[in-house]
Amino acid sequence: MLGSLKIPLGAFSEAAADLTRDEPMHYFYLLVAVALEVSGTMLLPVSQNFTRPLPTIGLIACYASSFYCLTFSLNTLPIAVVYATWSGLGIFLITLFGYLVFDEALDWRAILGLLLIVVGVVLVNGYASQK
């Protein structure tokens, strides 16, 4: 009886169907990996050379989870694209958060370098072929 039941696809159903496809998920996992790597790196100074247990456990969990998410991205993207995006966005965000959170100085050369990293990440992803 349930097999003959037809449910019309609405906007919500179509969006849910899009999320279940594997194609866009590789970038989702890559962005989650970047966020976890940045979170772990931001916990490094807070851990005070691994002497504070909670930040230390947090940063280990963030790094391990980041690498776990990277494995899902590697199912469909070449390793060069995944690593360039992960490290490039990580450098950019860590520098930005270091400036905002830890009051680290940035001169114009550092800002120019960060902008070039972003341009490079965009170019690599724009012309990347999938596996």
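Efficiency by 1/(1 + (r/R0)^6): what FRET value for LEU74 and TYR127, r their Cβ-Cβ distance, R0 = 22 Å, to the nearest 0.05?
Using R0 = 22 Å, I get an efficiency of 0.75.
Going by the alpha-carbon gyration tensor, a ≥ b ≥ c the square roots of its eigenvalues, is the range 33-74 rounded (a/c under 1.5) or, if a/c is not under 1.5, prolate (a/b greater than b/c) versus oblate?
Prolate, because a/c is 1.5 or more and a/b exceeds b/c.
Using only the Cα atoms of the range 23-126, build the gyration tensor, take square roots of its eigenvalues as a ≥ b ≥ c, and label the shape rounded, prolate or oblate: rounded if a/c is under 1.5, else prolate if a/b is larger than b/c, else oblate.
oblate
Pull up all non-local amide H partners of GLU104: gap of 5 or more, or a different chain, and H-to-H distance under 5 Å with H placed in the peptide plane.
Amide H neighbours of GLU104, under 5 Å, 5+ apart: TYR99.
What FRET efficiency comes out for the pair ARG52/LEU96, r = Cβ-Cβ distance, R0 = 25 Å, nearest 0.05?
Taking R0 as 25 Å, the efficiency between ARG52 and LEU96 is 0.55.
Using the number of other C-beta atoms within 10 angstrom as an exposure proxy, rank VAL34, VAL46, VAL82 with the fewest first.
VAL46, VAL34, VAL82
Every read-out reported here was derived from the displayed coordinates using simple, explicitly stated rules and does not represent laboratory data. Just so you know, these numbers come straight off a predicted model, no measurement behind them. As a convention, Cβ positions derive from the backbone with ideal geometry for all residues, glycine included, and neighbour counts pool all protein chains shown.
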